[in-house]
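Remarks on the structure that follows.
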Amino acid sequence: MQSRNQTAPVLLFNDECGVCRSIAGWVKKQVQAGAGTTCIVVRPIGQDPEELRALNQGLNIWDAYATIHLLMPDGSMKLGGEAVAEVLRDLRGTGWFAWTFGISVFGIRPFQLILNLAYAVLADVRPVFGCESCGTPSAWVRPIRWIVKRAASLFGGSHHPSPSPHFTSLPGRGRPSQAHHI
Amino acid sequence: MPGYKSIDRIRTVTAGTFDRLVLKGDGPIVVEFMSYGCAHCGAIEPDLQQVAEMVESTEKIFRVNIALDRELADVYKIEGTPTLIMFLNGEVVGREEGPSPEVSNLLAVVSQPYVS
């Protein structure tokens, strides 16, 4: 008999991103409440490339952080919107509408396309919600992030700009002022 | 991110191997302080792999995963990722925070401190 981990899909999430943590937490709660048809294992991606490769030979840690991955028991992987659809299909609370993602019209799955787009938008706007590790936001998100940061600073929030647009400041190690750097 | 998956030319060093491989290592040594969860680190990864291949006869490039080795991050006052620190005979000779992800720029960053 196979172990539970071998038979269940594994949902990997970015533990350094607040949005991803919240979504993963919600899925975990649903699974723990028995609200699914199969038992999804929800686990953070972690920091060990070899450990991930042990889960699936084709899994690369950089890719895992770039896009949501659902590792299927048959060895295949579902990514992005396809992974979200599979998870929603499995959960009892969302399964009632998730079947629509499989509807195909002339070879096109319109609801899956909408979900893919929604996933892409959510992935893009994560930096707006304070996910510094999520990288440089897409061009369309930058004005929104700028407004959010300005608003935060107006209302007493502290924001210290990074020395480079390609730099992720560590929490608690920002640069309060140049005077601290001798 | 094509081109970096087959061979990893950047070896990971830990607090346990840092002294032997970096501080007591021969010649120019570049250390990238990074974390796999940092998208900027992911952005420079393919280019840095390419640079590692270009300079492998003269320089070694290592990585320190600061999510696992916070002690080393503290020692070198790492404020964010990616941060490249260039060593020569155990001494820090250069530092770059958040280099832009282009091969030419990264090549300049890892080579410049060693130009006499």
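Values quoted throughout were computed directly from the atomic coordinates according to the rules given, and no laboratory measurement underlies them. This one's a predicted model, so the numbers in the text were calculated from it and none came from an experiment. Using ideal geometry, Cβ is built from the backbone for each residue, glycine included, and neighbour counts are taken over all protein chains shown.
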- Message: Below 8 Å between Cα atoms, with a sequence gap of 6+, how large is the relative contact order for chain B in percent?
- Response: 33
- Task: Write down the percent of antiparallel bridges among all DSSP beta bridges whose residues are both part of the protein assembly as shown, to the nearest 5.
- Result: 65
- The lysines whose Cα lies under 26 Å from the Cα of A:LYS28, excluding any fewer than 8 residues away in the same chain, are A:LYS78
- Give me the aspartates and glutamates in straight-line cross-link reach of B:LYS24: C-alpha distance below 12 Å, same-chain residues under 8 apart excluded. B:GLU91
- For segment B:19-114, what class follows from the C-alpha gyration tensor (a ≥ b ≥ c being the square roots of its eigenvalues): rounded when a/c is under 1.5, otherwise prolate if a/b is larger than b/c, else oblate? oblate
- Taking r as the C-beta separation of A:LEU117 and B:VAL103 and R0 as 35 Å, the FRET efficiency to the nearest 0.05 is 0.60
- Note on the structure: Where a ≥ b ≥ c are root eigenvalues of the Cα gyration tensor, a/c under 1.5 meaning rounded, otherwise prolate if a/b exceeds b/c and oblate otherwise, the protein assembly as shown counts as prolate
- The residues A:ASP48, B:ASP69, A:ASP90, A:ASP124, sorted from fewest to most surrounding Cβ atoms within 10 Å, come out as A:ASP48, A:ASP124, B:ASP69, A:ASP90
- Mind giving me the nanometre distance, one decimal, between the label points for A:ARG43 and B:LYS77, set 7 Å out from Cα along Cα→Cβ? 4.0
- Per the helix-only model, the protein assembly as shown has a calculated mean residue ellipticity at 222 nm (DSSP H runs of ≥4, -39500 (n - 2.57) each, divided over all residues, rounded to the nearest 500) of -11000 deg cm²/dmol
- Message: Once each part is reduced to its C-alpha centroid, what is the distance from segment A:5-62 to segment A:67-106 in angstrom?
- Response: 14
- When the Kirkwood hydrodynamic radius is evaluated over all pairs of different C-alpha atoms of segment A:1-100, what value in angstrom, to one decimal, is obtained? 13.7
- Here the FRET efficiency for A:SER153 versus A:ASP124, based on Cβ atoms and R0 = 22 Å and rounded to 0.05, is 0.45
- Message: Can you tell me which aspartates and glutamates have their Cα less than 15 Å from the Cα of A:LYS149? Leave out same-chain residues fewer than eight positions away.
- Response: A:GLU132
- Query: Across the residues of B:69-76, average count of Cβ atoms on other protein chains within 10 Å?
  - Reply: 1
- Subtracting the Cα-Cα distance from 0.36 nm times the residue separation, let me have the gained length for A:THR7 to A:TRP140 in nm, one decimal. 43.8 nm
- Task: Report the antiparallel proportion of the DSSP beta bridges in segment B:19-114 as a percent, rounded to a multiple of 5.
- Result: 65
